[in-house]
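Just so it is clear, none of the values below were taken in a lab; they were calculated from the coordinates. Since this is a predicted model, take the numbers as computed values, not measurements. Here the Cβ is made from the backbone with ideal geometry for all residues, glycine too, and neighbour counts use every protein chain on show.
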Amino acid sequence: MTGEESLRPQSLMLTFLGDQVLGRDVCVYSGSVIDVFARAGIGEQATRSTLTRMAGRDLLRRQREGRRMYFGLTERSEAVLRDGEQRIWQTGAVNRRWDGTWTLLGFSLPESWQRQRHDLRSQLTWSGFGALFNGLWIAPGEVDVSALVAELGLSAHVKVFRAHADTGMDIGQMIEETWELSDLAGRYEGFVRRWQPWEDELPDADDALVLRLRLQTEWLQIVRCDPRLPVKHLPDDWPAEQAEKTFRAVHERLSPLARDASERLLDLVPARPQA
């Protein structure tokens, strides 16, 4: 039922940690993670390699207790998870509070800088920008890209402005020309098709834990791809609002069962201060 959205083990792992570890100052036993992920159809080897890879990238810390290995959060993973939490529960999928401000970013790079151009465009897309013209990108609201541009080493080649559209400009048409919205609409509609049945159905508790894990991971992947364009300039049948209602209703329905399952299935220990 949820197979249409491809969910990588690391994405599921971050959701799992955000649910079970974030804000609790605990570490979780690797065997518990393997058990839960097996219920989600992910094999032991894939789960172990994901844990190892994330520890190597400073997204997880190890803590040994006797013969058991436990995993906890690092400052880096905590920041990633707080951002995801904000995106899901505070920012949301529907931008009703837009004040008319746009962020404009212009860049001019040497012809030979193909890789730098590709990296900049990828990061801008991830941050909600669309290409207004060649070398001029636009995003709704006030978007701070200073850290992004500095990390790419392009500060000297990029100019950023705040702007308002001139009276009479057709913002709806500009949005259609600048962003590819049909794919995003399709993802929202697919989400509703897959998850709406669970608004009225109840799985058993162990399945609820895995379903909620998949629900949140899939929802975060979709909203992270959404530039959050002002809803008043989107098509009347824009499906984000219905998809968000479905997400919240199913999450609320699954949560009591998922909490019961996590209390039974997970071995957690207090996180010790790191040397």
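Before moving on, here are some points about what is shown:
- By average C-beta atoms within 10 angstrom, highest first, the peptides 214-224, 136-146: 214-224, 136-146
- In terms of its alpha-carbon gyration tensor, the chain comes out oblate; a/c meets the 1.5 threshold, while b/c is at least as large as a/b.
- Think of each Lys and Arg Cβ as +1 and each Asp and Glu Cβ as -1; about the Cα centre, that makes the dipole of the chain roughly 1180 debye.
- Cα shape, region 67-189, gyration tensor, a/c 1.5 rule: oblate
- Under 5 Å, built H, 5+ apart or other chain: amide partners of L132: W137, I138
- Stretched out straight at 0.36 nm per residue, the stretch from W89 to A38 would grow longer than its current Cα-Cα span by 15.6 nm.
- Neighbour net charge for Q10 - beta-carbon separation under 12 angstrom, K R +1, D E -1: +3
- Only Lys, Arg (+1) and Asp, Glu (-1) charged, at Cβ; region 49-189 dipole about Cα centre in debye: 1020 debye
- Fully extending the segment from R224 to R48 would add 60.7 nm, taking 0.36 nm per residue of separation and subtracting the current Cα-Cα distance.
- In this Cβ point-charge picture (+1 for Lys and Arg, -1 for Asp and Glu), region 152-275 has a dipole of about 660 debye about its Cα centre.
- Mean ellipticity per residue at 222 nm, deg cm²/dmol - from DSSP H runs of n ≥ 4 across the chain, formula -39500 (n - 2.57): -15500 deg cm²/dmol
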